[in-house]
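Encoded as structure tokens, the structure appears first; notes follow it.
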Amino acid sequence: MTIIQAAQSLSQRVAILGSGISGSSAARRLAENGLKVTVFEGGFGAGGRTSTRFTRDEHQYQFDHGAQYIGSPKTKDFEKALLQWKSDGFVKDWSDGNFFTAKADLEVRMDEKKDRFVGYPKMSSICENLLKHENINLVTQTQARASLDGEGKWKLIHGKTKEDVGTFDWLIASDRNSANGRRKDLSSADVKDFATSVRKIKPVKSLTAMVVFDKPLDIGMDGVLFEGENYGSLGWIARDSSKPGRERDDGRECWVIQTNPDAAKALLEGKESLDEIREIAKTVLVDDLLKVLPSLKPGLEIPEIQESMGHRWGAAFPINTNTEYAEMDSQIFESKKFVACGDYFGKYSGRIEGAYLSGISAADQLINATT
Ligand SMILES: Cc1cc2nc3c(=O)[nH]c(=O)nc-3n(C[C@H](O)[C@H](O)[C@H](O)COP(=O)(O)OP(=O)(O)OC[C@H]3O[C@@H](n4cnc5c(N)ncnc54)[C@H](O)[C@@H]3O)c2cc1C
């Protein structure tokens, strides 16, 4: 790269829609290459589906209510990143927990040991740390809308207040839902080909309940995967307080319960009101857990529930029937200075690893295009 090319590349201002793993990884890669990046996040904090939910009371109960853990890396690139995150101290090992599978025939079997890593001291620590860089500006609670002006620059406004939030040379969209017909994030962005094609990816929905027991739940299990129809709506439960950094000194325990995909689909059928959906998530999942617990450990004394909450994931995982996305890690539209990334790309879609690889690929494509 010549000195002039390097200077041209560094003078590019980049906006990223979304602070999940893909957006945060892209931001970090660009920042480490000297580019100035602004990351817009519609939610209260960084993380997207790896965010952590806290109660706003004096107890500060915490739950990884989305992604549960990072499994064994499938690629050398992600393995290297994970090693770095561990050495930087914001990812730790959860592999020594006791994990079980409740089989369709009601047999409950202990799983073989396998790698499970989690953000430390919370899942959202991963994105929060990736975004800690002098070249990155994180703007939360800002669902941004983007449009291209006559000079080919990206103009961004705040979706609610319509306030101008900046002008940028490049735009990275890290969430395919930005192109959803019901949202206006990209409706004036003139990226119709992308929007049409990305709408073909169907989402798997999921419901989560977060539960606090007043004493430890004495089942000797930190995570259970449920298979088949014998366990009602249950897909997975985890003793969140057993993850590193989540230990509590008040003797209480936080658990996360997640639906299996068929149950989530059936429970959400015809439901629109978010309050109603959250209530269903909470009551159905907690009831099913209480019914199933005695089969996991006969004679178990179930502690009192102090608190419970429900959450809906409208697009928990992508179902990618479009092979085009499976064959690339990100997509660049160079004439528009627009790059798309997210966990719907690549071989490892629907996972943290896939989202990471996509974010890195988006950043690399942008850097290559500017030099
Ligand atoms: C219940 C559940 C369990 C899971 N379990 C696991 C697991 O155990 N292991 C695993 O590897 N993966 C798991 N996953 C999948 C994993 O969480 C995702 O693959 C990954 O986190 C996706 O990252 P992403 O950056 O592609 O998208 P997201 O995390 O969805 O990030 C996109 C972000 O963009 C923001 N955004 C969108 N548009 C705008 C805009 N216009 N302006 C500002 N912000 C915007 C959104 O608010 C969101 O924060 C799970 C997911 C769910 C929901």
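The values are calculated or read from the model by the stated rules, or taken from the named source; none is laboratory data. Note that this is a predicted model, so its numbers are computed, not measured. Cβ placement follows ideal geometry from the backbone for every residue including glycine, while neighbour counts extend to all protein chains displayed. Side chains are part of the model used for accessible areas, which takes the heavy atoms of the whole protein and leaves out ligands, DNA and RNA. Shrake-Rupley method; radii C 1.70, N 1.55, O 1.52, S 1.80 Å.
Apart from one condition, A326 fits all of (1) more than 19 Å from D185 (Cα to Cα); (2) at pLDDT 95 or above; (3) not assigned by TED's automatic domain parsing to the domain that holds D262; the exception is (2).
Restricting attention to region 246-278, the residues being over 18 Å from V292 (Cβ atoms) and exposed (fewer than 13 other Cβ atoms within 10 Å of the Cβ) number 12. Restricting attention to region 103-114, which residues are open to solvent by 60 Å² or more (accessible area, probe 1.4 Å), within 16 Å of D222 (Cβ to Cβ) and of a type outside the set (K, R)? Selection gives M110, E112.
The residue that is least open to solvent (accessible area, probe 1.4 Å), among those in region 144-170 that are in a loop (DSSP other than H, G, I, E, B) and at positive phi, is G152.
Cβ separations smaller than 6 Å between residues 6+ apart or across chains give the following pairs from region 259-275 residues that are within 14 Å of T208 (Cβ to Cβ) to residues that are open to solvent by 60 Å² or more (accessible area, probe 1.4 Å): A264/K205; L268/K205.
Of the residues making up region 316-350, those that are among the aliphatic types (A, V, I, L, M) and surrounded by 21 or more Cβ atoms within 10 Å (Cβ to Cβ) are I332, V339, A340.
If you go through region 182-197 and keep only what is free of Cβ contacts under 8 Å to residues at least 12 places away in the same chain and within 14 Å of the ligand (Cβ to nearest atom), you end up with R182, R183. Residue by residue through region 326-346, note down the ones that are within 13 Å of the ligand (Cβ to nearest atom) and either farther than 15 Å from A173 by Cα or touching a His at 6+ places or on another chain (Cβ under 7 Å) (or both). Once the filter is applied, which keeps residues that are within 13 Å of the ligand (Cβ to nearest atom) and either farther than 15 Å from A173 by Cα or touching a His at 6+ places or on another chain (Cβ under 7 Å) (or both), region 326-346 yields only G346. Quick one: how many residues across region 141-159 are free of Cβ contacts under 8 Å to residues at least 40 places away in the same chain and either near the ligand (Cβ under 9 Å from one of its atoms) or not charged (D, E, K, R) (or both)? Qualifying residue count for the region: 3.
Scan region 344-371 and report the pairs whose first residue is at pLDDT below 95 and whose second residue is hydrophobic (A, V, I, L, M, F, W, C) and surrounded by fewer than 24 Cβ atoms within 10 Å (Cβ to Cβ), with Cβ atoms within less than 6 Å and a gap of 6+ or a chain change. Sorted first by the residue in region 344-371, then by its partner, the pairs are T371/M1. At least 1 residues being polar (S, T, N, Q) and within 25 Å of R176 (Cα to Cα) is the threshold, and among the strands (runs of 3 or more DSSP E) wholly inside region 95-143 those reaching it are 136-139.
Candidates A173, A195: the one that is touching a Gly at 6+ places or on another chain (Cβ under 9 Å), farther than 30 Å from L293 by Cα and open to solvent by 10 Å² or more (accessible area, probe 1.4 Å) is A195.
Taking Q60, is it over 30 Å from A26 (Cα atoms) and modelled with pLDDT of 95 or more?
For Q60, the condition - over 30 Å from A26 (Cα atoms) and modelled with pLDDT of 95 or more - is met.
Among the residues of region 106-127, the ones that are over 20 Å from F78 (Cα atoms) and of a type in the set (A, V, I, L, M) come to 3 in all. Criterion applied to E32, E79 was being assigned by TED's automatic domain parsing to the domain that holds R246 and more than 9 Å from the ligand (Cβ to nearest atom), and the one residue passing it is E79. Annotation note: of L138, L225, the sole residue that is within 13 Å of the ligand (Cβ to nearest atom) and closer than 30 Å to K103 by Cβ is L225. Here L82 fulfils each of the conditions (1) surrounded by 15 or more Cβ atoms within 10 Å (Cβ to Cβ); (2) among the hydrophobic types (A, V, I, L, M, F, W, C); (3) in contact (Cβ under 8 Å) with a residue 60 or more places away in the chain apart from (3).
Looking at this structure, is A281 within 16 Å of the ligand (Cβ to nearest atom) and over 26 Å from D57 (Cβ atoms)? No: the conditions fail for A281.
Looking across region 148-201, the residues that are hydroxyl-bearing (S, T, Y) and either modelled with pLDDT under 95 or farther than 24 Å from N368 by Cα (or both) come down to T161, S178, S187, S188, T196, S197. Applying the criterion of being assigned to a loop (DSSP other than H, G, I, E, B) and at positive phi to the residues of region 41-67, the residue that is farthest from the ligand (Cβ to nearest atom) is Q60.
The set of residues from region 284-315 being open to solvent by less than 50 Å² (accessible area, probe 1.4 Å) and under 27 Å from D57 (Cα atoms) comprises V284, L285, V286, D288, L289, P303, S308, M309, G310, H311, W313, G314.
For M309, the conditions (1) within 16 Å of the ligand (Cβ to nearest atom); (2) under 15 Å from V198 (Cβ atoms); (3) at pLDDT 95 or above are fulfilled apart from (2).
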